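The values are calculated or read from the model by the stated rules, or taken from the named source; none is laboratory data. The structure displayed is predicted, hence computed values, not measured ones. Here the Cβ is made from the backbone with ideal geometry for all residues, glycine too, and neighbour counts use every protein chain on show.
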Amino acid sequence: MAYVSTVRRGFGAAPQVASAVGTGASLASTVAAPAISSAIAAPAVLGSLAVPVIGAALAGVTLLVTKLIANSGCGPTCIQATDYANQAGTLLTQNAQAYFNLPIPRPQSAQQQALQNANALWNQLVSLCQVPALGNAGQRCITDRQEGACTWKVPASQTQPQFPGGPTAGQCFNWWNALIDPIQNDPNVVADAQSATAQAGSSSSSILGGISIPPALTTSYFGIPLWGWAAGAALLFFMMSGDR
């Protein structure tokens, strides 16, 4: 599916005109992408201790985002703006998928990492497409994908949004309303500590195989789970039976 872009606010930054390369934007293959701007930093890769919080899939996407941006500067392996747009669009989709695959409530750090990935991809796309040498094609690279853009629309057959809060059949489709805003507007986000507590509680109420344990068995008295009292009573019974 093609992606669109429009004027878009940044993450906590002043409003800016964002742009992206869209399908059909004919960029000359002889025009090399400019070197990475020092002002655009690749998303920081979180340490291994943070992976359980943001999820392995999202951490993997973060690494791919960093690699793509690092390889998009001019040189023997320079990624052209058109190729970058296609690859960035794919990564944006994977980024949103990895994020929404996390169980709810989702930790705030995961939301921030997913938005950081998206912001880095978008900013780099703008950097690659806004060079004068690309002319109108470079501008369309941005305006077709930025916030509010409507170069493409969601097919009539797609009655459900790809991600929660995204566009549906007949609505405008661009990188922002389809792949970034759903993450930014996710109502199921809590502080990391709250998310960890919720997940711990969820895992303690189930066993391998996904079979649910009755809530009563997770209840505790004087710090000892109900199942512990039951096991102790059974042990006492057998001990008393053996003395007879």
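Which ones in region 186-197 are free of Cβ contacts under 8 Å to residues at least 60 places away in the same chain and either under 16 Å from Thr93 (Cα atoms) or in a helix (DSSP H, G or I) (or both)? Show your work before the answer.
Step one: of region 186-197, the residues free of Cβ contacts under 8 Å to residues at least 60 places away in the same chain are 187, 193, 197.
Once the filter is applied, which keeps residues that are free of Cβ contacts under 8 Å to residues at least 60 places away in the same chain and either under 16 Å from Thr93 (Cα atoms) or in a helix (DSSP H, G or I) (or both), region 186-197 yields Ala193, Thr197.
Take Trp176 and decide whether it is over 30 Å from Ala196 (Cα atoms), in a helix (DSSP H, G or I), under 20 Å from the mean Cα position of the chain (by Cα) and at pLDDT 90 or above. Before the answer, list the steps.
On the way: over 30 Å from Ala196 (Cα atoms): no; in a helix (DSSP H, G or I): yes; under 20 Å from the mean Cα position of the chain (by Cα): yes; at pLDDT 90 or above: yes.
When the stated conditions are applied, Trp176 does not pass them.
For region 68-96, name all the residues that are at pLDDT 95 or above and surrounded by fewer than 16 Cβ atoms within 10 Å (Cβ to Cβ).
Of everything in region 68-96, nothing turns out to be at pLDDT 95 or above and surrounded by fewer than 16 Cβ atoms within 10 Å (Cβ to Cβ).
With the condition kept exactly as written, say whether any residue in region 161-171 is more than 16 Å from Ala96 (Cβ to Cβ), crowded, with 16+ Cβ neighbours inside 10 Å and out of contact with any strand residue (DSSP E or B) (no Cβ under 6 Å at 6 or more places or on another chain). Spell out the reasoning first.
The first filter runs over region 161-171 and keeps only residues more than 16 Å from Ala96 (Cβ to Cβ), leaving 169-171.
Then keep just the ones that are crowded, with 16+ Cβ neighbours inside 10 Å; that gives none.
No, region 161-171 contains no residue that is more than 16 Å from Ala96 (Cβ to Cβ), crowded, with 16+ Cβ neighbours inside 10 Å and out of contact with any strand residue (DSSP E or B) (no Cβ under 6 Å at 6 or more places or on another chain).
Evaluate region 122-133: report whether one residue or more is crowded, with 24+ Cβ neighbours inside 10 Å and closer than 22 Å to Gly55 by Cβ.
yes
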